[in-house]
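Have a look at the structure below, then the notes.
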Amino acid sequence: MPKYGVHSIIMEQAVSRLSDEKLKNLMTTHRGAALLGSIGPDLLFFSPEYKAFNFFIQFAQNMRHVKKIFVEVKESIKKVIEPIEEAIETYAAPVDEAIDTIGKILPLNCLDGLVDDVKDAAGTFKSAIRDTLLVGIDGGVDLIADAADVPSVSHKIFDDLFTPLHQQGKREWDWYWFDMLHYRNSGLFAKNLVKHAVTDIQKAYALGYLTHIAADTVGHAYVNRIVCGPYRLHPQRHVIVENFIDSATYHDHYGVSVNKALNADLLSAMEADGVCQVHEESGFVEKFNEEIRDLIDAAFKATYPENATTAGDTKPPRPEWLSKGEITKTFENFYETMAILRDGYVEKPEGLDERYQDVADTLNDILSQFKSPPSPPDTGNTGFCLNWECVEHFFDTLAEWMAYFGELAVWTFETIVNALDLLLELLCEAAIAVVRAVLYLVEYLCYELYQHMHFVLALNGYVCPEPGDAKDDPRGEVLLHTGKTVSTLRGTCSVASAPMACPTNYPRQHDHLGTAIKPPDTPVETPATLFPRRDADDYAIWYIRNAPWTPSIQEIATLYAEAKTPLDSRQLADPNGNSPKNLGNAVDFAVWMMENALTVKTAEAQVGNGLHPLSHVVHCNWDLDADRGYAYKQWYTKNNPSSDPTDLDEAYLDESLSRG
């Protein structure tokens, strides 16, 4: 991962830097295929065999339902507001709230029915958040009444569904293909995509896939520094950090919310490029491009052995490639999920803040008649945790803050009901300004509640946050770069007696009892690993495109690719050594990989497979999660990482996947 927003940016920028204009034109022409390729092995998340997919699609469907109800609330308000505004315009009536009432310009008894509709829609919205949003996800947790339980329950769900099976000591034949493509023969699979790509759309897909390899190789080391461990040990925190990085980076690059624009762009580009055909009415995929499907199928068969490769084994490392039908179903699942997320985005109603401010004085009078909103947990500071000093307190008291969200939701709906009851009681005798104020209050409260709910879900890894929550709120910004993880959360991610940064205390073991939002303060899985030193306050843009790129990168990549043992890799990356080796940024690394992959393909068509001197470097079998450390290759241990975390006794695997 990082998520698709970052991957699409890296692919687009890498294409723009290609020196071969013909190749650049091919990738631009087949942008849809290149974007699908940039999703890389993450596409296999949507495989029919992957149990976590059912969790994700259920949640996406639940979000779609909540969004539908929110729209119904807006529409019901609109049905009340429109006749009022039309009557004002028709009769040119003055609207001074002290004398001009609805009854003078619109003596319509039907208004009470319309206001009742607003009340009913708001009640349905409450039920959707309470009863529907997490049904089938977190054991049906009530996001309002049980909000305090969400962090701990969601942590367990992520552990159960997303932890790779090799963390439990399982052999490859028990793994999902999603994990195989990240941890076993990642480079060889990409090489076979390039090798078997014949048509232009296949080439665009294969080269786009290489940009994902480049991004993961350098990017996951950065993500893992913030997380304080890899995806294998901290799946929920890993997802949360990547979601926040995706949101902030996409907004910085395009000036728009990733939730609003990315999925729409991905799907429209794929449809335009012929990656898929979609039924006009149902919106379901009618056909997945057979050339891309066949290319993926060929790469599977050329990459993963059919027979046992380790003495004593009776079956191959991972039997049964995905069939062509399963590959097609994987894409269909991907498209359906992205379409639901695309259609589920809730945009702030236009002019909402202005309308709310216009009736602020009237609203204050109305609200003074009702119960005051709940107070947030005491942070020792003024305001809603908007300074760095209270961020750590927020992480330490997350359950209290989740409970506060539940109380806020209860107050919101009580206030909506009270305000609408007041309006029904007055109705035709109500001042026009009061009617407007109440209806705008309902609209405003529903939207604000939706955004609070969205932030709560983002803090638990279910959705990407909105840009403001990721970039402007310190509770979100702390998840964006390594310096804040250390300097803001003093002592966290470090030994308490001598606070140090995560790079010298990595990877942290999993904390089964804590919450994923807070960096783990747990013992280190050994042998501990290190990362090349960087500026502690660098954001993700550092690894995306700003890290220096020099001609010696090929030499450095070769050193990492030819490392015989994990110890060799750790010594290359040692920030305390004389010359720690860094692979530069993802964009330039992706350009280098694409251009050299084509050079290798052309040459090996003449000299033989694997005989080009750069083949093993361009297509190195990296561990795509940078799991044990920076630029690690595929590794294994005969021990069980979950029960023997202080003695992994790790070793590298060659592409035969033989354990010797």
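The values are calculated or read from the model by the stated rules, or taken from the named source; none is laboratory data. Every value quoted in this text rests on a predicted model; they were computed, and no experiment measured them. Reconstructed Cβ throughout: ideal geometry from the backbone, glycine too, with neighbour counts over all protein chains shown. Note: areas computed on protein heavy atoms with side chains; ligands, DNA, RNA excluded. Shrake-Rupley method; radii C 1.70, N 1.55, O 1.52, S 1.80 Å.
N596 meets the conditions (1) at pLDDT 95 or above; (2) in a loop (DSSP other than H, G, I, E, B) in every case but one. The failed one is (2).
Conditions (1) over 30 Å from T602 (Cβ atoms); (2) polar (S, T, N, Q); (3) modelled with pLDDT under 95, marked per residue:
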{"site": "T163", "(1), (2), (3)": "yes, yes, yes"}
{"site": "L181", "(1), (2), (3)": "no, no, no"}
{"site": "S186", "(1), (2), (3)": "no, yes, no"}
{"site": "V198", "(1), (2), (3)": "no, no, no"}
{"site": "Q202", "(1), (2), (3)": "no, yes, no"}
{"site": "Y205", "(1), (2), (3)": "no, no, no"}
{"site": "Y222", "(1), (2), (3)": "yes, no, yes"}
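The residues of segment 160-208 that are touching a residue at least 40 places away in the same chain (Cβ under 8 Å) and of a type in the set (K, R), listed by number, are R171, R184, K191, K195, K203. Could you say whether any residue in segment 354-368 is touching a strand residue (DSSP E or B) at 6+ places or on another chain (Cβ under 9 Å), modelled with pLDDT under 95, under 30 Å from D421 (Cα atoms) and in a helix (DSSP H, G or I)? Yes, segment 354-368 contains a residue that is touching a strand residue (DSSP E or B) at 6+ places or on another chain (Cβ under 9 Å), modelled with pLDDT under 95, under 30 Å from D421 (Cα atoms) and in a helix (DSSP H, G or I). Residues that are open to solvent by 20 Å² or more (accessible area, probe 1.4 Å) and under 19 Å from E448 (Cα atoms) within segment 362-376 comprise N364, L367, F370, K371, S372, P373, P374, S375, P376, listed in sequence order. Among the residues that make up segment 338-350, is at least one of them in contact with a strand residue (DSSP E or B) (Cβ under 9 Å, 6 or more places away or on another chain), open to solvent by less than 30 Å² (accessible area, probe 1.4 Å) and either among the basic types (K, R) or within 18 Å of L43 (Cα to Cα) (or both)? There is at least one residue in segment 338-350 that is in contact with a strand residue (DSSP E or B) (Cβ under 9 Å, 6 or more places away or on another chain), open to solvent by less than 30 Å² (accessible area, probe 1.4 Å) and either among the basic types (K, R) or within 18 Å of L43 (Cα to Cα) (or both).
Considering segment 378-408, and only residues there that are surrounded by fewer than 16 Cβ atoms within 10 Å (Cβ to Cβ) and not in a helix (DSSP H, G or I), the residue that is modelled with the highest pLDDT turns out to be D378. Take the conditions among the aromatic types (F, W, Y), modelled with pLDDT of 85 or more and in a helix (DSSP H, G or I) and apply them to W411. Does it pass? Yes: the conditions hold for W411.
Only residues that are in a helix (DSSP H, G or I) and either of a type in the set (D, E, K, R) or touching a strand residue (DSSP E or B) at 6+ places or on another chain (Cβ under 9 Å) (or both): list them for segment 438-477, please. Spell out how you get there, then give the answer.
Just the residues of segment 438-477 that are in a helix (DSSP H, G or I), to begin with: 438-459, 467-471, 474-477.
Matches in segment 438-477: E443, E448, D469, K471, R475, E477.
Within segment 575-592, restricting attention to residues that are farther than 24 Å from A14 by Cβ and either open to solvent by less than 40 Å² (accessible area, probe 1.4 Å) or of a type in the set (S, T, Y) (or both), the residue that is modelled with the highest pLDDT is S579. For segment 306-337, filtering for residues that are open to solvent by less than 20 Å² (accessible area, probe 1.4 Å) and either touching a Gly at 6+ places or on another chain (Cβ under 6 Å) or farther than 16 Å from R171 by Cα (or both) leaves 8. Return the residues of segment 247-300 that are under 25 Å from W321 (Cβ atoms), without any contact (Cβ under 8 Å) to a residue 60 or more places away in the chain and aromatic (F, W, Y); say none if nothing qualifies. Listed by number, the list holds a single entry, F288.
Could you say whether any residue in segment 652-659 is open to solvent by 50 Å² or more (accessible area, probe 1.4 Å) and either under 25 Å from V241 (Cα atoms) or assigned to a loop (DSSP other than H, G, I, E, B) (or both)? Yes: one or more hits. If you go through segment 561-593 and keep only what is part of a helix (DSSP H, G or I) and among the hydroxyl-bearing types (S, T, Y), you end up with just S569.
When residues in segment 18-71 are screened for being open to solvent by less than 60 Å² (accessible area, probe 1.4 Å), without any contact (Cβ under 8 Å) to a residue 60 or more places away in the chain and of a type in the set (S, T, N, Q), 0 of them pass.
Residues that are part of a loop (DSSP other than H, G, I, E, B), open to solvent by less than 50 Å² (accessible area, probe 1.4 Å) and more than 27 Å from P613 (Cα to Cα) were ranked within segment 529-560; the one that is modelled with the highest pLDDT is A540. Within segment 198-218, does at least one residue satisfy the condition of being open to solvent by 10 Å² or more (accessible area, probe 1.4 Å), more than 29 Å from T28 (Cα to Cα) and either part of a helix (DSSP H, G or I) or in contact with a His (Cβ under 9 Å, 6 or more places away or on another chain) (or both)? Scanning segment 198-218 turns up no residue that is open to solvent by 10 Å² or more (accessible area, probe 1.4 Å), more than 29 Å from T28 (Cα to Cα) and either part of a helix (DSSP H, G or I) or in contact with a His (Cβ under 9 Å, 6 or more places away or on another chain) (or both).
If we keep just the residues of segment 469-479 that are within 16 Å of G5 (Cβ to Cβ) and open to solvent by 10 Å² or more (accessible area, probe 1.4 Å), which is modelled with the lowest pLDDT? Result: K471. For segment 265-305, the set of residues classified as of a type in the set (A, V, I, L, M), under 21 Å from S8 (Cα atoms) and open to solvent by 40 Å² or more (accessible area, probe 1.4 Å) consists of A272 only.
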